[in-house]
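Heads up, the thing below is written out as structure tokens.
Taken together, the values in this text are just the output of simple stated rules run on the coordinates, not laboratory data. Note that the structure is predicted; figures quoted are calculated from it, not measured. A quick note on method: Cβ atoms are made from the backbone with ideal geometry, for glycine too, and the neighbour counts reach across all protein chains shown.
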Amino acid sequence: MKKVIAMLLSLVMVLGMAACGGTNTQEESQTTAEDTAEEETEETEPAESEAEAETETGSYKIGFSVKTLTNEPFQAFIADMIQTKVEEAGCEFVLATTDSAEDVAQQVSQIEDMLVSGIDALIVNPLDSNAIIPALERCKEENVPVIMVDSGPAEGTDESLYVTYIGTDNYAGSVTAGEKMAEELGGEGKVVIVRGVSGNTAGEARANGFKAGLEGTNVEVVAEQPGNWSNDDALQAMENMLIANPDIDGVYSCSDVMLDGILEAIDSAGADDILIYSFDGLTNGCQLVLDGRVQATMQQYPSVMGELAVEYLLQILNGEKTADDFEKFVDSGVAYVTQENAEEALQNAP
């Protein structure tokens, strides 16, 4: 992660210094990243890489477009893994980060700039999966293969615009969170949701999955507000919902990055009996679970997303596989973290 942070201090778009060359959804069609892995009832193990980077051949420039990495350890973790694997293959890494998690126009512009610079392949975590479509169309025109990570395509997106989406099954993971909270509440109560950024497919899937997990119970979602992946916005959202609903029993945060703001609002209101469930399994989230401040978080595996994205693109660029050889969704895995396994989860947390 130090490499990514150092790069951000110099430029928004960074060119890797290593020279290339030498040997080196819910209803979508989907596959797990490790097809032979045993299924777990509450946990999906992360995928294993199919081939080591050293076996790849070719000279390529691979870009990664992502939202700001400031206060975004999860995204920084993905970026660091992508950079590591690209440079291990002897290729050039190009990073483009937006100034904020909501600057969709900037992301589209940065992708166009990378195409002009001559990238051979693109990995993208879209801020808005609908707004990114024109950039994906441009990539297709330039014969630049695209893999999405973390946040997937919008419903109805032309599947020829991307090779695959590698990420967590955000919907299924949040269904588990909803079911577990309903169980802990005894099947009845009032809860609220602090959502992500409007239009972000991962955040939408988490909110919708959580509500689906409550179905068949008497647990009611009485309010939802966007936290925009920001502690400041999450603080304001939680304060607003507590004022309107002072008797809530639980809150679901669509990301650990908003937990500090949520907890500040809860502490200020003196509402210390509210159950808190979250998503991401970041270091702060796992620590809060271990400390008993948060009841559970769903942990993702960002390193798997980055590693597989590079591996798959190199296979395509080297002519070993085509885009048609990949399923449109590869599940990178998710784990249900409670106080019982939080210490272990901390070892894997970004």
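Only Cα pairs under 8 Å and at least 6 apart count here; give the relative contact order of the stretch 170-300 as a rounded whole percent. Taking the mean separation of contacting Cα pairs over the length of the stretch 170-300, I get 25 percent. Treating each Cα of the stretch 105-214 as one equal point scatterer and applying the Debye formula with no solvent, the log10 of I(q)/I(0) at q = 0.10, 0.14, 0.18, 0.23 Å⁻¹ comes out as -0.37, -0.61, -0.84, -1.17. Mean silhouette area of the stretch 170-300, derived from the convex hull of its C-alpha atoms and averaged over all directions, reads 6.6 nm². Relative protection proxy for 175-184, 306-315, from highest mean packing down: 306-315, 175-184 (other beta-carbon atoms within 10 angstrom). In this structure, the amide hydrogen of Val219, modeled 1.01 Å from its nitrogen in the peptide plane, lies closer than 5 angstrom to those of Gly189, counting only residues at least 5 positions away or on a different chain. Phi angles of the stretch 208-225 translate, via the Karplus equation with coefficients 6.51, -1.76, 1.60 and θ = phi - 60°, into HN-Hα couplings of 5, x, 4, 5, 5, x, 8, 4, x, 10, 9, 8, 10, 7, 9, 6, 9, 9 Hz per residue; Gly and Pro are given as x. Placing R0 at 22 angstrom, the Cβ-Cβ distance between Ala212 and Ala269 gives a FRET efficiency of 0.20 after rounding to 0.05.
Applied to the stretch 238-246, the Karplus parametrisation 6.51 cos²θ - 1.76 cosθ + 1.60 on θ = phi - 60° returns per-residue 3J(HN,Hα) values of 5, 4, 4, 6, 5, 5, 7, 9, x Hz, with x for Gly and Pro. Sequentially through the stretch 141-157, phi angles give Karplus couplings (6.51, -1.76, 1.60; θ = phi - 60°) of 4, 8, 6, 9, x, 10, 10, 8, 10, 6, 10, x, x, 6, 4, x, 5 Hz, Gly and Pro residues having no value and appearing as x.
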